[in-house]
Each structure stands twice: as structure tokens, then as C-alpha cells.
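First up is the structure itself, then whatever we jot down about it.
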Amino acid sequence: MTDQPCPYCMIVQGQLPTNKIYEDSNFIAALEIRPANPGHVILFPKEHFKSILDMPANLAEEFLGLSARIAKSISKVSEGVTIIHSSGEATSNVLEHLVTNIIPRFSGDNLTFAWNPKQIDEEQMKKLAESISGAIESPEEKTPEVKEIQDEEGPSYEELEKQLPQRNS
């Protein structure tokens, strides 16, 4: 972590001005000072968490629910909404305070959030699904039972992928 003070913590402490659109005992939502589009909102917890993975489950659920509520309000004054949340070192977050960006979208806004799709075969997809589903913890911190859905006549992953629109590079 950097030696500089966390700007989100400084906002919580009243040391930095902000244009708040929402505040409760756990969270602040404010207009982003360098917006991707007008009306771009940042939502962050008052307590300093590096990641949503560090939050207690009930607080994380409240955080995600509030993200959805703010997105719904933004959708009433825009043509769409993009929600960006990143956790972990590989995401290259500059500041180590959990923040979710809720960005209003408009036709022709020229914002892009594209990635280069990876090729994953059906066997890899099954292994990933098993690994991830097996690691999901229930609210009681127990791994839930995962039931496999059988559909003998369903399409394969490769067949489904062929039906997806191709992205322009």
C-alpha cells in the first residue's frame, strides 16, 4: 500500500469535498470527479476494505444491493448502465479501497469495456464450473450441494459459442 492517505477514507472523515448522492451508516455514493460519462457514480464503504472479498457477507450483500439500486436510478436518466467492480492485485487497482463504478451509458458515448475473449474448450468449462461452484460458500459458510443439470439434447459449449456475435478486434 502507498504511504499516501486513502482519498476515500478522507471523504468519510470529511477531509475531502465530494458531491454525495447517497450516504448511510456503512456506505457513501458520490459523483466521480473524473467521470467516464456525466452522472458516473462511485460507491464505497465507509470502513476501509481493500476488496469485497474482505467484507463480511452481510455487508457485501448490502453493498451489491445498493449498487443495483443506484444503477436503477441512473438507468432512469440514461440509456443504460455499466457497473465495474474489481478485486485483487491482477486488476491493477491503484487505490486499495473497495469502490464500485456505476456509469451511465448513452448511444455514441464511445466508452469501451472490451476484452480479448479466451478460447476455452468444453472440458475446461466443466472443470472450471465444478471448481468455482464447489468453492461457493453458503451464508452459513458451508459449501452448498451442487446439482448437475442433465439435458441430453442440449447444445455443446462450442455450438453455443458459435451463436454468439463476434467482437470486432
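The values are calculated or read from the model by the stated rules, or taken from the named source; none is laboratory data. Given the structure is predicted, the values throughout are model-derived calculations rather than measurements. Glycine gets a Cβ as well: all are built from the backbone with ideal geometry, and neighbour counts include every protein chain shown.
Of the set (1) in a loop (DSSP other than H, G, I, E, B); (2) within 30 Å of His48 (Cβ to Cβ); (3) outside the structural domain of Ile74 (by TED's automatic domain parsing); (4) at pLDDT 75 or above, all apply to Glu96 but (3).
On the stretch given as segment 3-14, residues that are touching a residue at least 60 places away in the same chain (Cβ under 8 Å) and either within 18 Å of the chain's Cα centre (by Cα) or in a loop (DSSP other than H, G, I, E, B) (or both) total 2. Of the strands (runs of 3 or more DSSP E) entirely within segment 27-87, those holding at least 3 residues that are within 24 Å of Pro5 (Cα to Cα) occupy 27-31, 41-45.
Do we find that Pro17 is out of contact with any strand residue (DSSP E or B) (no Cβ under 6 Å at 6 or more places or on another chain), at negative phi, loosely packed, with under 14 Cβ neighbours inside 10 Å and touching a residue at least 60 places away in the same chain (Cβ under 8 Å) in this structure? Talk me through it step by step, then tell me what you get.
Details: out of contact with any strand residue (DSSP E or B) (no Cβ under 6 Å at 6 or more places or on another chain): yes; at negative phi: yes; loosely packed, with under 14 Cβ neighbours inside 10 Å: yes; touching a residue at least 60 places away in the same chain (Cβ under 8 Å): no.
Criteria not met by Pro17.
Taking the criterion of being over 30 Å from Gly108 (Cα atoms) and modelled with pLDDT under 95, the residues of segment 16-41 that qualify are Leu16, Pro17.
For beta carbons closer than 8 Å, sequence separation of 6+ or different chains, a first residue in segment 109-133 that is within 30 Å of Asn37 (Cα to Cα) and a second that is not charged (D, E, K, R), the qualifying pairs are Asp109/Asn37; Leu111/Ala36; Leu111/Asn37; Leu111/Thr82; Leu111/Ile103; Phe113/Thr82; Phe113/Ile84; Asn116/Ser169.
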